[in-house]
Amino acid sequence: MEINEALPQYERYTYADYYEWDDDKRWELIDGVPYAMSAPSQRHQEVIGSLFNQLYNFLKGKQCKVFVAPFDVRLNADTGDDTVVQPDILVVCDKSKLDGKSCLGAPDLVIEILSPSTSLRDRVLKLRRYLQAGVREYWIVEPESQTVSVHVLKNGEYVIYAYGSDESVSVRVLEGCEISLTDVFAE
């Protein structure tokens, strides 16, 4: 079912509407506009698995927790509550942001794995929303080119760092955490 068949595009929705949808599809809601999500590819899943594994192992016994999609992030839960995203991976260090079914507000780290159907949304629309919400570190991982763009929040703007497949990346919001991109992009 296409989005315009399921939900009229001219309407604006909130988390209350989103929570009631039961059509066996995954959706994101950005500024009140619904976006259908397609199933990830095998390669997408392999990259997510490696990143999640490295973060999970580093965070064992620590305060911060790592989550993998589908897990709702309500970026503006305290205002309009009209933006609900499901990043591929997120890390939350403030447990008061977790309500048992979602993250209320900005996670500390968000990682999106690009796919053809979401690339533009991840690079532009979500990047803006993550910046506005105060996500401290946002990674855009490109499996095809085996590169990672790391956006670090400094003085209200993102500073961008780029990495290739043979490098390790320091997770700036998790002191001492190093992610091996060689492992991430191994086939």
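Just so you know, all these numbers are worked out from the coordinates, no wet-lab data involved. Remember, it's a predicted structure, so these values are computed and weren't measured experimentally. Counting neighbours? That spans all protein chains shown, and the Cβs are built from the backbone with ideal geometry, glycine included.
May I ask you to say which residue of Val150, Val110 is crowded, with 24+ Cβ neighbours inside 10 Å and over 24 Å from Asp24 (Cα atoms)?
Among Val150, Val110, only Val110 is crowded, with 24+ Cβ neighbours inside 10 Å and over 24 Å from Asp24 (Cα atoms).
If only residues of the stretch 153-186 that are among the charged types (D, E, K, R) and closer than 19 Å to Asp88 by Cα are counted, the one that is surrounded by the most Cβ atoms within 10 Å (Cβ to Cβ) is Arg172.
Scoring Lys60 on the criteria (1) touching a Leu at 6+ places or on another chain (Cβ under 9 Å); (2) surrounded by fewer than 18 Cβ atoms within 10 Å (Cβ to Cβ) leaves a single failure, condition (1). Cβ-Cβ distances below 7 Å connect the following pairs, each with a first residue in the stretch 148-173 that is touching a residue at least 40 places away in the same chain (Cβ under 8 Å) and hydrophobic (A, V, I, L, M, F, W, C), a second residue that is in a loop (DSSP other than H, G, I, E, B) and surrounded by 13 or more Cβ atoms within 10 Å (Cβ to Cβ), and a separation of six or more residues or different chains: Val171/Cys177; Val173/Asp108; Val173/Arg136. Between Thr182, Thr118, the distinction of being over 16 Å from the mean Cα position of the chain (by Cα), under 20 Å from Ile48 (Cβ atoms) and not hydrophobic (A, V, I, L, M, F, W, C) belongs to Thr182 only.
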